[in-house]
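A quick write-up on the structure given underneath.
A short reminder: the numbers here are calculations on the coordinates, not readings from a lab. As the structure is a computational prediction, the values presented were derived from the model and not from experiment. For neighbour counting, all protein chains shown are included, and Cβ atoms are generated from backbone atoms with ideal geometry for every residue, glycine included.
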Amino acid sequence: MSVVALSRTVEPLLSVQHLTIGIPSSGGGHATLVRDVSFEVGPGVRYGLVGESGSGKSMTLKAIAGLLPRGVEVLEGEIHFDGDDVLTMSPHERRRIMGPRMAMIFQEPMTALNPTTRVGKQIAEGPRRHLGLSKADAQELAVDMIRRTGIPDPARRARAYPHELSGGLRQRIMIAMALSCKPALVLCDEPTTALDVTVQDQVLRLLAQLCDDMGSALTFVTHDLAVVSQTCSRLSVMYAGRIMEEGNVREVYEAPQHPYTEALFQSAPDFDDPGRRLAPIPGLPPSLTDPPPGCPFAPRCQYAIESCSTGSKPLVEVRHRHLSACDLADQIFGGTR
Amino acid sequence: MTTFSLTHRFRPSRREARPAARRLRPWYQNRSLVAGLVIVCIMVLLAVLAPVLAPYNPIKQNLNEALQGPSGAHWLGTDKLGRDVLSRLLYGARVDLRIGFLAVIIPFVVGTILGAIAGYFGGWLDIIIMRIVDVFYAFPLFLLVIALVFVLGPGESSIYLAIALVSWVSYCKIVRGEVIVARQQEYVQAARLGGLNNARVLGRHIGPNVISQAITYAMSDIVMDIMVIVTLGYLGLGITPPTAEWGSMIADAQEFITTLWWMAVVPGVAVVITGLGLSLIGDGLTDLLSPERRK
Amino acid sequence: MLSRLKFVPMRLLQAVPVAFGVTLVVFFMVHLIPGNPAESILGAQATPAKVAALTDQMGLNQPVVQQYWHFLSNLAHGNLGESYTYQVPVLTLVWQRAPVTLLLVAYSVVLMLIISIPLSMLAASRPGHVRDHAVRVIPLVGLGMPQFWVGVMLLLVFAVGTGWFPVGGYGDTMMDHLWYLFLPALTLAISISPVIIRSLRASMLNVLESDYVATARSKGAGGRSLFAGHVLRNAIIPAVSIVGVNLGYLVGGTLVIEKVFAIPGLGSMLIESIFARDFPSVQAVALFVAVFVVLVGVLTDVVYTLLDPRVDLTQRMNA
């Protein structure tokens, strides 16, 4: 909480404004994957982007990292990092910040490491390029980073090839790699989804601890609400390419201000209340090529009324620093205050 | 939580970005195929019509007019025996194209059958056939063809036989691989369990899928056969003189390359154009028959 | 690292049956000759006495199995017979000529890599761009060019036309060799590059789409450092087997190209022997080249294993 309060007063580290991402197509009917998304992440803050597959959370992250797949483009909006507009950066400038200022951890540790290069060398690559370290110094730093991720016998592990390591170890290597240049911001794309639940927990703890040690901020994309609650202090819930709700993790958990968030909670298992019945969300998300007017969740929303299907639904601050895109937030959730 | 994947539909991966509609395009909208067919048809027509089109008898010598440059009478000049180069070029197409197209038949049939047997039945049959294939693979194509043509004696039939002995192995390998994949497909398993006998399963269910691969390969194989024929001709091991043939034309011309260079260039260009046409057809067929393989 | 090469002896052992088959083919070449081989080998100079003598010398009046056994045991003693033309053991001739051909092959492989890698990088770095299309046309045209004709064309332009390179021959010193063999090697490289470019382009595109390249980008790698550090090595791995398969074609091509540039290698020996009806020499060249190709297959596996740490052929062989 104190960190969040502080972040209000200083310049945000990352500022995403009205970001719209899509696949332009000459034949009309282009798909919009992310629509008018805005949020800010302060220095040292751990920020979660939560949503189902296809909600646009990963694309948002990739746009920040400049790693959008071929054919997918930022159609509108701005992304500022450290005061610089990353979307207008030259590839050269972009490469200068990727690593030492901003780093990324990917979803699939099995495929995200170069299979033909020893992991130590892969970790050392960034420090050599950006910190100007010698080969030996960079290698030493790599071994040290591996040690800090809690892998035993780091010097030996540094000489391993990725295929010789388990998924959990590989993800630790990815974390070591991402943090090797002490970046101000670490972007994580579902970093624990591919791992066993027990390993997941260890990796998350490690990630949080190392980020704290280095003073790095975190932007964390996941579909798993439990993961966000464990890792982040603030979060946005995305649906069909839009932010539905934004707030501090505790407050969103205690009193969600959007029917979609509420439905998400009800469809996810809760370990504190194992007897509760899971309530799947009926229906399917809307088409991305031809989205319906109004609130994208309206067709599946149990509270929906006629006015939900018309007009734009901007994010509105419904409580202190707690925003919702639902017109009816006050009426539906007012009682829970 | 409901999980479904929308993102994957929009990932512009090469494979998925190819909409189904394009697969259903009729063959005549396939640019490679049409261009290839046009080129090959023109070459074949020129070959077939050579007796009509050729201004001179291709083997008639006229030593008074030897080694002339291009002129109104001889568009491409004359060779050292005074024979009209253009006429020889046209008649050469008859030889090179005929052998190229015909030579592909035996290896195609033999290789496909052996490959299908090896892939379908597996076991010791597979092992034996594939060891034989390995042995033939150890010999570079040209080496074996040259040695065989030498052993079998000069003439067209030796060339057919040599090519057949050498090039069936490629069909065998391709078809075997395809059959092994096809055999594991559910519909083939179902057909087998349904009591269809082996010949029927092979012929009706595996055949059509596999054959298309072999046909696509056959296009590049024809190119290869033409390569072999002109190379043999160049080395003086192919079609016996004085029959006009592109390879031997190039060999004859090499002597005079400092002055009459086009005599060496033109027959080669004819080979390249033919090869280009066949390659385009092959590409087009790949697109048409198995779009998912296209990279 | 070296422990991963434990498969090599085993792999060599596996090559034995193939080598055995190769000897069969080389042996039976004689028996494909229509009529009496001795007669047709002697050709115009065949007199009944000579034919009888040669028939006896070749053991043609013995049972085939015995002949083959004889052939094998001679082979085991390094005896492939005497050249009819030069009256010296053919193996001696082969050992004289082989270095020339092997140098030519190695030279072509180097030039092939110099041609193929940049071109496929050019194509793969901007798929669908004009330069990609330009590079993709190369195989269409390139595969239809007879090797010897490419050689004649290079000769025409760079030897006859500009005089930059010799018209033929081999030279005396190593520098000379490289100078004389440049055009022949370039010819072979040009003729094999289309296949390699095609496969390299495809595998580079695969690698460029891979997660680990995204990881590398997220570390600030880009442009040249990305290609050199991450793309090239991974993309070359699948291409290695393509190169391996095509080396046979390359060696076959060398035999022909040697004739174009008058290079005293195995190819010229083969063609000379054929015209001289020098059968043992033809057999020896065929045998040598085939064994070489089999060994190249083993070498391909070694390179593959060294390049890709995931490959463990030792295990696959024992399985």
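Sorted on the mean count of surrounding Cβ atoms within 10 Å across their residues, most packed first, peptides C:219-231, B:183-195, C:273-285 read C:273-285, C:219-231, B:183-195.
Where a ≥ b ≥ c are the square roots of the eigenvalues of the C-alpha gyration tensor, would you call chain A rounded, which needs a/c under 1.5, or, failing that, prolate if a/b is larger than b/c, or oblate? In terms of gyration-tensor shape, prolate.
Antiparallel beta bridges, as assigned by DSSP with both residues in the protein assembly as shown, represent about 60 percent of the total such bridges. Would you work out which of C:ASN36, B:LEU141, A:HIS80 lies farthest towards the positive end of the dipole of the protein assembly as shown, given +1 charges on the beta-carbon of Lys and Arg and -1 on that of Asp and Glu, about the Cα centre? Value computed over the given set: C:ASN36. Evaluated with a Cβ-only charge set (Lys, Arg +1; Asp, Glu -1), chain B carries a dipole of roughly 1440 debye about its Cα centre, given to the nearest 20. Annotation: amide H-H contacts under 5 Å for A:LEU49 (H modelled 1.01 Å from N, sequence separation of 5 or more, or interchain): A:PHE220, A:VAL221, A:THR222, A:SER236. The charge dipole of the stretch C:95-266, taken about its Cα centre with unit charges on the Cβ of Lys, Arg, Asp and Glu (plus for the first two, minus for the last two), comes to roughly 480 debye.
In the stretch B:103-240, a dipole from Cβ-located charges (positive for Lys and Arg, negative for Asp and Glu) runs towards its positive end, and of B:THR112, B:GLY177, B:VAL188 it is B:VAL188 whose Cα lies farthest in that direction. In this Cβ point-charge picture (+1 for Lys and Arg, -1 for Asp and Glu), the protein assembly as shown has a dipole of about 380 debye about its Cα centre. Counting other Cβ atoms within 10 Å as a rough exposure proxy, the listed residues B:THR243, C:THR187 run B:THR243, C:THR187 from fewest neighbours to most.
Checking the Cα-Cα distances for B:LYS80/C:LYS259; A:LYS62/A:LYS121; A:LYS182/A:LYS313; A:LYS57/A:LYS182; C:LYS6/C:LYS219 against a 27 Å cut-off, the pairs over it are A:LYS182/A:LYS313; C:LYS6/C:LYS219. Take B:146-158, B:269-281 and order them by the average number of nearby Cβ atoms within 10 Å per residue, most first; the result is B:269-281, B:146-158.
Rounded to the nearest 10 degrees, the inclination of helix A:119-130 to the longest alpha-carbon principal axis of chain A is 80 degrees.
Helical content of chain A, expressed as a calculated mean residue ellipticity at 222 nm, amounts to -9500 deg cm²/dmol (DSSP H runs of 4 or more residues, -39,500 (n - 2.57) each, divided by residue number, nearest 500). Averaged over peptide A:61-73, the number of partner chain Cβ atoms lying within 10 Å of each residue's Cβ comes to 3.
Exposure proxy shown here: for A:VAL143, C:VAL294, the number of other Cβ atoms within 10 Å sets the order, fewest to most, as A:VAL143, C:VAL294. Partners of A:LYS135 within straight-line reach, counting aspartates and glutamates whose Cα lies under 15 Å from its Cα and excluding those fewer than 8 residues away in the same chain: A:GLU125, A:ASP144. Among the lysines, which fall within straight-line cross-link reach of B:LYS173, defined as a Cα-Cα distance under 23 Å, with same-chain neighbours fewer than 8 residues apart omitted? Reachable lysines: B:LYS295. Shielding value for B:250-263 is 3, the average number of Cβ atoms from other chains within 10 Å of each residue's Cβ. Peptide A:109-115 is shielded by partner chain Cβ atoms: per residue, an average of 6 of them sit within 10 Å of its Cβ.
Helices of chain C meeting both criteria, an alpha-carbon length of 20 angstrom or more along the long axis and an average Kyte-Doolittle score not below 0.5, with helices taken as full DSSP H segments, are C:7-32, C:90-125, C:182-208, C:232-260, C:279-307. For the stretch C:162-201, applying the loop criterion from DSSP together with a ceiling of 12 other beta carbons within 10 Å to the chymotrypsin sites (Phe, Trp or Tyr not before Pro) yields C:TRP164. Summed over qualifying helices (DSSP H, 4 residues or more, each -39500 (n - 2.57)) and divided by its residue number, chain C shows a 222 nm mean residue ellipticity of -24000 deg cm²/dmol. Relative to the longest principal axis of the Cα atoms of chain B, the long axis of helix B:85-103 makes an angle of roughly 30 degrees. When the protein assembly as shown is described by a simple charge dipole with +1 on each Lys and Arg Cβ and -1 on each Asp and Glu Cβ, the residue from B:MET130, A:THR198, C:PRO166 located farthest towards its positive end is A:THR198. Footprinting exposure proxy ranking of C:THR101, A:THR111, fewest other C-beta atoms within 10 angstrom first, gives A:THR111, C:THR101.
Helices in chain B, meaning DSSP H runs of at least 4 residues, each add -39500 (n - 2.57). Divided by all residues, the mean residue ellipticity at 222 nm is -22000 deg cm²/dmol.
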